[in-house]
Amino acid sequence: MLSAMHDFAVHGYEGARVDRIAEGASINKAMIYYHFRSKEELYRETIGEVYREATDKLSSLFTGEETLEEILHAVAAYHHDLMRKYPEFRSVLMRELAHPRREILSYIFGIFEASGLPSRLLARFGEEIKAGRVRKSDPRQLMISFLTLNLGYVMLAPLFDLIMGISDRELFVEDRKKEVVKLFLNGIRSGRS
């Protein structure tokens, strides 16, 4: 899948070539078509592999006993670790978001829905609101705010590194994992806890 990720990142879906992907993976092109009926299916599964890995990993971290802060730290850390593992995924995702295709978005939605992760996180935010530890808000707004706050740097790191003079991205990311959670929690706490 890494060869496919590379080709989709560099050339986009339209410019990616199965023969080039096969060559990069040191396999016969026929093997790709044996496992994936089309370039579209290969593309969908390449993206899907990343999202399945993410939802599986994050779901396994949550037993129901964690504090909201522990959950947020795990999510923040994992987003950065995922992008470190799949650095070219940023390009694939940015291209897909710039020109979204309903079938790909539906496929990604299906992965998240099957994991149950979004509903569990929304329920957790709801519990925190009900307990008075988090100010009254729409849990969807809270979850989207945290994810975009966290993913903003992940997606735009090359630009932010230049603008902000970040010369050691690894060190900055380690600080960012903690700072995002601290900033977010300071913004949503009700003051009653």
**Fill in**
The set of residues whose placed amide H lies less than 5 Å from the amide H of Val134, leaving out same-chain residues fewer than 5 positions away, is Ile129, Ser190
**Item:** Value of D in µm² per second that Stokes-Einstein yields for segment 46-155, Kirkwood Rh from Cα pairs, at 4 °C (1.567 mPa s)
**Value:** 87 µm²/s
**Item:** Tilt relative to the chain, helix 68-85 - C-alpha long axis, 0 to 90 degrees, to 10
**Value:** 20 degrees
**Prompt:** What angle, in degrees between 0 and 90 and rounded to the nearest 10, separates the Cα long axis of helix 89-98 from the longest principal axis of the Cα atoms of the chain?
**Reply:** 90 degrees
**Prompt:** About its Cα centre, how strong a charge dipole does segment 43-188 have in debye, to the nearest 20, once Lys and Arg get +1 and Asp and Glu get -1 at the Cβ?
**Reply:** 440 debye
**Request:** Work through the residues other than Leu117 whose Cβ is under 13 Å from its Cβ and net out their charges, Lys, Arg +1 and Asp, Glu -1.
**Result:** +1
**Item:** Dipole of the chain, positive end: most advanced residue of Val134, Gly15, Val92 [Cβ charges, Cα centre]
**Value:** Val134
**Fill in**
Taking Cα atoms, the helix 2-15 axis meets the longest principal axis of the chain at an angle in degrees (rounded to 10) of 80 degrees
**Item:** Compactness of segment 1-66, expressed as Rg and Dmax over alpha-carbon positions, Å
**Value:** 14.8, 48
**Prompt:** What's the Cα-based Rg to Rh of segment 101-193, Rh via Kirkwood?
**Reply:** 1.06
**Where Rh is the Kirkwood radius over Cα pairs, Rg/Rh for the chain** = 1.02
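Quick note: the coordinates plus some simple rules give every number you see, no bench work behind them. Being a predicted model, the structure only gives us computed values, none of them experimental. Backbone-built Cβ (ideal geometry, glycine too); neighbour counts: all protein chains shown.
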